Every structure is written in C-alpha cells, then in structure tokens.
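**Q** Following this message is one structure expressed as structure tokens.
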Amino acid sequence: MPREVEPSLNEKQFFVKALEENLRIDGRAFDQYRELDLEFGDELGVTDVRLGKTRIHTHITAEVTTPFPDRPFDGLFTITSELSPMTSPFFEPNRPSTTEILLSRLLEKTLRRSGALDTESLCLIAGQKCWSIRADVHVLSHDGNLVDAACIGVLAALQHFRKPDTSTEGESVTVYTLAEREPVPLSLLHFPYCVTFSYYSSTVEEGETVTLLDATLLEEQLREGSATIGINRHGEVCQIAKLGGVPLDAVAFLGCVQIALVKVKEISVFVSKRLEEEAKKRDKGGLMAELSAENDRVS
Amino acid sequence: MTNATASSAILSHLHRADGSATFSQNGYTVIGAVNGPIEVQRRDELPVEAAIDVIVRPAAGVGGTRERHLESILQSTLRQIILIHNFPRTLIQVTLQITNTPEDKVAGSKIVQASSHLAILPTLLQTALLALLSASMPLSVIFTSVLIAAHKDGAITSLTPNPSLVGFESADSVHVLAFTLEGKLLLAESQGTFTLDDWDNILEMAGSVCVPKDGADIEGGVRIEETKEDMTTFVKCTLEAKVAQDLHWYT
C-alpha cells in the first residue's frame, strides 16, 4: 500500500500563518463544528452521518446467541469499525491501522464501557439465550474527526433500531417477526457523545496553546496533541483520552470539558430532533402508539 | 419500499476515492469506490498488467466465503474490461460496500444472508462499472448485467428479470448474465436445475434487458425521449447527466 501523503511545507506554513491570525482554513470559528447531517436508512438501525466531508454509515443488527458463561445475565454488544480502502487507499484491508485501532478503542470506551446500552435488558434466558447487538461502523469518506461522527452515528442508530419482540414461556423463547408484532426499541440508559479537541502549541507564540474543535483531515495531520472527551448531556464525563502530544494546563483542560458539554447538548438536541422527524415519517396513520407492545417505563 | 426494480445511481460522491458510485436496484444498494492505478505490494505485482483487487464488504458482519466468492467473480469479470495492459505493475482497487439488502417482513434477517449469492451480483457488477467510469479508468467496453429467475410450471418455464425477493427464493433456477455493449456475453453464472431450452430462452431474455434492441443508436449516443427499459440506456443516461452537471460552466 502507498503511504499516506503528508501535508506539504507550503500547506503547513499556510495553516500556521492562518492560525496565528485566528483563522482556520475553512473559515470556521475555533470551536465550531462542520455542518452535521443525519440520514436514516430504509431499514431500522441504519444511519448515515455526514460531518462536512466525513461520512459514516452505521448498521445495527440483532441476533439471538448464548451469553458468555461468566456473564449469564448480560446480552452482547459489539462495535466493529473496520476501515476499508474506500475511506482512503492508504488503509489496507485486514490490517488495522492506528486510526482504526484508536477509533474502535474510543467507541468501545465511550459507548460500551459507560453502559450506554443496558446489556442486562438483552438477556432472554439467564445463561442460555440472549440478544447480541452488533454495530457495524463503515467509514465511507474520511475528512477528519471520525470518532465524533462515528459516535453520533452509532448512538442515533441504536435509538433508531428496533429489535424483534419476544415472549418467554418457561424455557422456550418465541421471537416474533416484523409482521407478527411491532418490534421494540433498545433500552438505552444515557447518550454519551464524543468531542475531540486538537491542540497546537509550537506553531503560535510561546506558552500559548490553540485549541480547535472538529478538525479536518489536514488539521488532524498537523496537530501536536489531541484529547477526546466522552460526555453525556447531563455533564457526566464517561471517558477522557489524551494519548500523548503536547502537555496541557489542567485548568484549561477543565475548560475543554465545559466546552464539550455545550457541544454535546447541541448534538443531543439535533439527534433527537432528527429521530422525531423520522419517527413521524414512519408512523403510518398514527397507529404506532397502539401497535407498540412496549410497556411504559416507570421513572 | 419504493418501486422495487427501479434503478438509481449517484456518481463521484466520495471525496477521497478516485472514483465512486452508489447504485440501487431491486432493493439492494451498493456503494463502490475505485482507487487506481496505485502502488502495488510486491507480492501482488504483475509484470505486464495491472493487478485488480476487489473487496466486497457486507452491510453487517465481516465478509466470509460468500464475499470471497463474489470477489473472485467480479475480479475475473473486471479484468476483461479494464485495459490492464496499460498499467503494468500497478494496482486498481475496487471496494464495494453493501449498504442495503431487501428486508423480508416474514422471515428473520439471517435467512436473507444465507440465501444465494447471485441475487446481489448484478448490483455489485453495475456499481463496480459506474465507479470505474467515475474514476475515468480506461475500459475496453462497458457491460450491463441482469438477474433472471426461472420458475418451472409443468412443461412451461416462466422467466422473470430482476425478480423480487420472494420471486428469487421460490425460483427453480437463477441466472446472472452480463453483456458487453455489442451484445457479447461476458459473464454467466447459474444456480439450480434447468434444461438447455430454458437456457436459450434465458440468454435471449437477458440480451433484451441488457442490450438496446436495435443496435443502430449505439454510435449516435443516447436519445433521452426513447425511454427504453434496457440497462445500457440507464448507464448512458446516468453518465450523460453527470457529464452535463460537471461541464455546466462550459457554455
């Protein structure tokens, strides 16, 4: 495979000069996200997220399997994010690149380890049968900030997805098809979104660090440090990943968490608005409320 | 779902790939990207021609033997039409990502996965072709493909081009045929039991779906007002629209 092309000296100098004048190449403010677009597929649990030129397709599927023997009451939830040469020819199939490893690790930390999906609700018969929920993240086009976009994609898809309804009688489980019973949504406990910050220090004057949000590919290639904060809209930090790079002031970093909270609130509002629009589109003749076999949650 | 057999295509919509296309037909949607000619690994390098690498990725799950088999069919078909001798010791990489398969409301999703690999083959072939065209890859000829399901009813065999999922599952035999623009057979994959007479009928029907009925207007370009059902016209119209859009600045 060819090696990824690094930005040329000219590009780099232009970028640095612009940054000194408080400008980004695409004219955005330092803390501004690119235009976010969220589309849903024909099937349930299929989303297509566009963040500028970054485009991520997420597909959720469910099947019945046996739970792990050491966790008999938990269902399975796996996220796969394999980058294909479609993303860019520099990714080789079946050989994970650093980008791919980081993406899957961060998604794993933010969504799985924070307990966004209630895996206990996926249990059908303890130790014997459970649902296995699988999220396939397909990166179609890579223009930076894959983690944030993938996180939005997976969470929106999980909220959009409906698993087939089941009933349990003693030891036997009946899985109803879509024609027999209206499928039920997944039980999601909270929605942690990721916000990635990129840091540039040596490019500007001494002792000052410039922080950018939602970096494009060029900005990602030129950055000297980055931190990903996984946070939900209630301000609960689920994970912070700062893997090397320039050292940061602790107080400044707390400021980043505050910025992340503001951004996550915006993203949450956007995703729920799009989900509502989609639900209205799917609600044929306003019968969805009656068709639903789901019990109202007591909270 | 909308009209099941209607085809639609979008060209050059991914910004990092050299060429890309999304093609939907028969409830299947495939996104294709082509990169090339690019540097090839030493072990894959061919001294006098370009190596072609086809990657088929399913919508859910990782690719298995089914995807590898589809890849080998696609690879040998695309080898015939790309001018591989123009690019010795390089690689042409075709990535095909399946994003949508027709859903079966009665059966679970697993059964669709397990059924024949042939159902998606025409969509994959057509996406690959459109992506190659979008990448401006020199081709010797373009092709079109069709899926035909044959149902036996006593002595009579009825043929359905581009059948629905139910039609496909209940068929006695299914066939995928690809024709070049001149009407020459490029690929024939069959599954199931059928007789030689059936095969002749299938060949004839596939030809009428894939290739324009009168060979006369191949030279003269496309006449839009003539809305024929064949795939060649579809490919031409898609490309014409794309070129017109790209050259809108040019008087």
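**Q** On alpha carbon coordinates alone, what is the Rg over Rh value for the stretch A:181-260, Rh being the Kirkwood radius?
**A** Here Rg/Rh amounts to 1.14.
**Q** Which three lengths, in whole Å and largest first, does the stretch B:6-140 cover when its Cα atoms are put on their principal axes?
**A** Largest first, the stretch B:6-140 extends 52, 29, 25 Å along its Cα principal axes.
**Q** Still on this structure, please answer the following. For a quick check: sort A:92, A:208 by the number of other beta carbons within 10 angstrom, fewest at the front.
**A** With the fewest neighbours first, A:92, A:208 line up as A:208, A:92.
**Q** Can you give the Kirkwood hydrodynamic radius for the stretch B:1-68, in Å, rounded to one decimal and based on Cα pairs?
**A** Radius from the Kirkwood sum: 14.6 Å.
**Q** For peptide B:54-64, what's the mean number of Cβ atoms from other chains within 10 Å of each residue's Cβ?
**A** What the average comes to for B:54-64 is 4.
**Q** With both partners inside the protein assembly as shown, how many of the DSSP beta bridges are antiparallel, as a percent to the nearest 5?
**A** Percent antiparallel among DSSP bridges in the protein assembly as shown is about 85.
**Q** In a solvent-free Debye calculation with one equal scatterer on each Cα, what is log10 I(q)/I(0) for the stretch A:25-298 at q = 0.15 Å⁻¹, listed in the order of the q values?
**A** At q = 0.15 Å⁻¹ the computed log10 ratios are -1.14.
**Q** Separate question: Give me the base-10 log of I(q)/I(0) for the protein assembly as shown at each q in 0.08, 0.11 Å⁻¹, Debye formula, one uniform scatterer per Cα, rounded to two decimals.
**A** Treating every Cα as an identical point scatterer, log10 I(q)/I(0) equals -0.61, -1.10.
**Q** What value in Å³ per residue do you get for the convex hull of the alpha-carbon atoms in the stretch B:2-246?
**A** 148 Å³
**Q** Let me ask something else about it. If I take every Cα pair under 8 Å that is 6 or more residues apart in chain A, average their sequence separation and divide by the length, what percent do I get for the relative contact order?
**A** 18 percent
**Q** Among the GluC sites (Glu not before Pro) in the stretch A:10-89, which ones are in a DSSP loop with at most 10 other Cβ atoms within 10 Å of the Cβ? Mind listing them?
**A** A:21, A:35
Every number in this text was worked out from the coordinates using simple rules, so none of it is lab data. The structure displayed is predicted, hence computed values, not measured ones. Reconstructed Cβ throughout: ideal geometry from the backbone, glycine too, with neighbour counts over all protein chains shown.
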